[in-house]
Structure formats: C-alpha cells, structure tokens
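Structure, as structure tokens:
Since every read-out is calculated from the coordinates, none of them should be taken as a lab result. Computed from a predicted structure; not experimentally measured.
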Amino acid sequence: MQWYSANYDGVLRLAGETKRKVLVYFWMDGSDHCARLWGETLAKPEMAALLNQFVCFSATATSANGRALVQRYSIATLPTLLIADHNGVADDIAVGYQSQNLVQGTLTRILNGQGTVTQLRSVASADPKDLQKRCALAIKLADVGDIRTARVLFDSIRSEDPEGRSQAGARVLLRAVIEEIQARAAKAGDRTTW
C-alpha cells in the first residue's frame, strides 16, 4: 500500500497512466479524529486491496503542499477524504471521521461510479428538466468545493421554481436561508458553520 505525500502533479500523472482515481487524505497533527481515521481505517491491512485501486495521497494541512491542496479544494473540515480524477477535478468527498465500514462503502460506491459528480452530471444532463437531478448534482458540486458551478445550478432551479413547490426548489430556498444566516453571523463575528 503506497501513500504519496509530495509532488501532487506526479500523483495525478500516475493516476492517468494507471487509469485510477486519486484519493487525497487531508489531516492535521494533533487531531484525534484524524488519528482515528488513519489508525482505525486507512492503515488497516484489510483496507489495502480497496485503497490500492486508488493512487493515495496524504496531505497534512500544516505542510506547504497540504495547505495549497486545502485551498485548491476548499477543505474546511479535517479529516477529509477527497476523490479526484487524473486531472485533479474533485469527483466525491467524505468529510470527518468515518468508521472502516463507512469508508469501505463510500470507496466502493465511488469505484462503482455511483453518486459521484461524474455520475450525477451524466444523470442531470440526460434529463435537464428534472430539478431534483439538477439539485443532487448542485449539492455534490458544493460538497466538493465547486461553489461557482453549484451556484449556477441552484440559481437555475430557483428561477424555474421560485416558490419552492418542488422538493428541489424547497431545498434551494432553504439553502439560501441558511447561507443568509451564515453571512449575517460571519459579519457579526460568529464563525459557527452549519
């Protein structure tokens, strides 16, 4: 089981050459949750076969390389597992500590192409009138840090369903309320996230 911690561009090239996705483990020294995710899940011998299907990269948030990746992918919580394609485009994410069973399920789902940005984009493109499919894609894009594209999709849903009569429309309206509360709290100096 090989974990890389330097030369992310080289890792992306290796992923392209070997036709694998990149798994980036974002962590920080001194974090109990990060230590647990590593010790109880990622470092377990029984995880090796699954993890070997990815090119694995360890990014500590305190290193220059790690800080650059945290910024690149808008990582706000540690630990985080991010899955990217060989071009470095984020395709899925798992935030916070997760048990070995949850990580195995998540990585298996991703390897099967289920619930990823790539899959949700394909589903939404095949049925562009379906607001729920568009909303699912927008939420996943926001989760992986592609806020700009997510915002375009959220705005398109809101323009098509301004009263929130559909489930997707209601979710977009609720999300707007939460964002407004967060913006007001941030302006007042409260750094609480929801």
Requested in this report: With an 8 Å cut-off on Cα pairs and a minimum separation of 6 or more residues, tell me the relative contact order of the range 1-91 in percent.
Outcome: 46
**Report entry** Degrees between helix 8-18 axis and first principal axis of the chain (Cα, 0 to 90, nearest 10)
**Finding:** 90
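How large is the Kirkwood hydrodynamic radius of the chain, in angstrom, based on all distinct alpha carbon pairs? Please report the intermediate quantities before stating the final value.
Details: mean 1/r = 0.0557 Å⁻¹.
Computed over Cα pairs of the chain, the Kirkwood hydrodynamic radius comes out at 17.9 Å.
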Query - Inter-centroid distance (Cα atoms) of the range 131-194 relative to the range 43-122, Å - result: 23
Report summary line: Nearest 10, in degrees from 0 to 90: the angle of helix 117-126 to the longest Cα principal axis of the chain is 40
Report summary line: For LYS187, the aspartates and glutamates lying under 20 Å Cα to Cα, once residues fewer than eight places off in the same chain are dropped, come out as GLU179
